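Before any comments, here is the structure.
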Amino acid sequence: MSIPVLMLMSSLSGLCLLVLIALILKFQRPNDSIGIVKTKTRQLDSKWLLWAYDKLSSNLLTRRYVLSIRERLIITSDNDEKAVREQTVVVYSTATTIVSVIMVLFAIFVREWYLWMVLIITLFFVSETIVDFFVNRVKIRLLEQLISYIEQLRNQYFQSGMIDEAFSDAMDGLNPKKNHDVLKQANLIHEILISSDGETLLNAYYQTAPNKYLKLLAGIAFIIKEFGDTTIEGASLFAKSLTHLSSELRDEVIIRDKLNFGLKSMNFIALVPLFAMKPIRAWASNSFYPLMQFYEGPLGFVVEISVLIIILISYAVLRKIQNFHEEESRKSENHHLERWMMKHFSKPIEFMVPQKHSKAYKRTDTRMKSAMVYIPIEWHYVQKCSVAVACASIALLIIVATIMMGTQSVYKTPTTPSGFLAGELKGKALEEAQETTAIDNEILRKTFAKMTRDELMELIKNDYEYSGEKLRVTTSRISDKLKLLDNYQFDWTHVLIIYVMCLIGWYAPDVMLLVRKKIAQSDLESEVSKFQLIIMMMMRIESVSVDFLLEWLERFSFVLKEPIQRAIMDYDAGAEEALERLKGSTENEDFHKLVSGLVSAVNKLSIHQAFDELETEKLYYVEKRRIQNERMVSSKISAGQIIGFTPTYALVVLYFMIPLVYASVAEMQTYFDKLSL
């Protein structure tokens, strides 16, 4: 194993030991039930965890990873810095311990450098999966607690009729230990409601709220507090909004449970072939010698790389499928590469970008908008260039490694008699094969390019005094090896392969736009459902205007945030034109109906009249959304299970069955050729 890998493993092991000490103290609970002892123990636990966080966050090797964990945890927390640091240490220690154990087990069995490279990439995904597991647990727990809190809030509002008092009384009605997360969030919303500068606090809360439902709850409460509650068909507007919000919450919890259950263990199953390759190769090589020659040759290397690429792609796609909302995955996109490339290579990139108003530019812009990807088109071409260069570089590395391995196999592989089908080569047979290889290498060093078979036979006859059958067999064997060495040269076919891989990389981001378009539809439908709830809640308030309504929609938007922001900026220059452009930003029919209602409200109708149909069709939209969610979960589970088992299929078919058939056919053909002589 290389020295850098050993240094990394020792550093990780040392840090894991440091963290495990803190964890032992964290989860240790004394038998003594005296409260003072328990309090002192908890203080000691916290002290050790905070000390471990300081050490980890100041270490060059661990600082970046620790801070990335902290960023994701703080989104789901109540901004309690002390608790966030403690949770960060727990998550980091779990991830690094699992990663270190995997690396140690891998080091015992594996020595190939390319397998280690794939392992390091895979371990990055594994560590991210572990962090996501902890973060998702907190998210689901918060959703479940929020359902209980909304039930309490509705009951308290019926009793008091005051929003702020209902929030305070609902907090008192819940168990602080079982509902700690939601009570912290409810307290923040309560502070917004009683503050004299509530709108500023509300805007700040939107930036830190753990999920969209808390944003909606805060927005609903603030609007009712500012404009007052109204009665719709004998029912309170605030109570009806809470009922709808609670229904959405229950649906999401059920969907998440179904998705988690349906894709349970898929991450583990997708990674199993990575650790099964070496044992299969060892067993096959020991049982069938031609397979050993295959695995140690260039074709075996290409097959291994193909299986490894399938494992990596399957695992990455599986993680993408397991993200419940596209919004959750896009929040982690920081676009550092795009910014860096535009800073240093802006002119070459601008040269590759199509001219504005050209068909290619409009086509790319339409694809990005339909996929709800609102980044500069130059960034998209940065992605295309980066992926193309990466694919071409990987193809070049594989070709160079294949050439080197093929050449090395010719000179180093023990030479067996033609038609040898025995099991493990050892003892006297191995010595004879190695001696034959040594003699062949001497002859190969004396040969020259474009040497004819007669010239080769004459060289062997003169230098080694071979004759008869031995001369013929040796000449044939050396001639075959010369052909192999001639094949292991960089030629135009390799250039063509690199070019094809470069094209695949160039068009890969465009293909991803098509995939994202399909994925984004679910989030768009969810967002439109949110807009419908906001409009149904605000349409009864007389002082609400269209531009005011647009501002509130923008606050709760993610997929359509940029189009709505542009509509707000262009509103004063021409309200109807700005809304028509907003309608053209997506093909969703339900969103088109909402924008058409806003256009009607701009012209002659009141907001209540423009959206009167929305309230009558509410049950239809709810049922439609539920059916769409069920279909989405079903399709994700089906796709996830297929992708999760794809590496296993690749391992069995590509790595075992095809090499076995190929080696068997090749050796049997040689054996029959020998019998026909």
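The values are calculated or read from the model by the stated rules, or taken from the named source; none is laboratory data. A quick note: this is a predicted structure, and the numbers were derived from the prediction, not measured. Cβ placement follows ideal geometry from the backbone for every residue including glycine, while neighbour counts extend to all protein chains displayed. In case anyone asks, the SASA skips ligands and DNA or RNA and just uses the protein heavy atoms, side chains included. Shrake-Rupley method; radii C 1.70, N 1.55, O 1.52, S 1.80 Å.
Assorted remarks:
- Karplus 3J(HN,Hα) series, Hz, for the range 566-577 with 6.51 cos²θ - 1.76 cosθ + 1.60 (x for Gly, Pro): 5, 5, 5, 5, 8, 4, 5, 6, x, 5, 5, 5
- Cα centroid separation, the range 157-226 to the range 616-642: 30 Å.
- Efficiency of FRET from Cβ geometry, Asn441 and Lys264, R₀ 60 Å, rounded to 0.05: 0.65
- Computed E for Thr648/Met512 - FRET, C-beta separation, R0 25 angstrom, nearest 0.05: 0.50
- Computed extension length for Leu503-Ile98: 142.0 nm, one decimal, from 0.36 nm per residue of separation with the Cα-Cα distance subtracted.
- Phi-derived couplings, Karplus 6.51 cos²θ - 1.76 cosθ + 1.60 at θ = phi - 60°, listed residue by residue for the range 620-634: 5, 5, 5, 5, 4, 5, 5, 5, 5, 5, 5, 5, 4, 5, 4 Hz, with x used for Gly and Pro.
- Under Karplus coefficients 6.51, -1.76 and 1.60, residue-wise ³J(HN,Hα) of the range 396-412 in Hz, glycine/proline x: 5, 4, 5, 5, 4, 5, 5, 4, 5, 5, x, 5, 5, 5, 5, 7, 10
- Inverse mean reciprocal Cα-Cα distance (Kirkwood Rh) of the range 86-218, Å: 17.9 Å
- Measuring against 24 Å, Cα to Cα, the residue pairs Lys47/Lys215; Lys215/Lys604; Lys212/Lys518; Lys139/Lys618 contain Lys47/Lys215; Lys215/Lys604; Lys139/Lys618 as the ones spanning a longer distance.
- For Ala209, no residue has an amide H sitting under 5 Å from its own, ignoring neighbours fewer than 5 places away on the same chain, with H placed 1.01 Å from N.
- Accessible-area composition of the range 141-257, carbon plus sulfur, in percent [1.4 Å probe]: 46 percent
- Within a straight-line Cα-Cα reach of under 21 Å, Lys517 can be paired with the following lysines, leaving aside sequence neighbours fewer than 8 residues apart in one chain: Lys320, Lys331, Lys359, Lys362, Lys369, Lys384, Lys530, Lys561, Lys583, Lys593, Lys624, Lys636.
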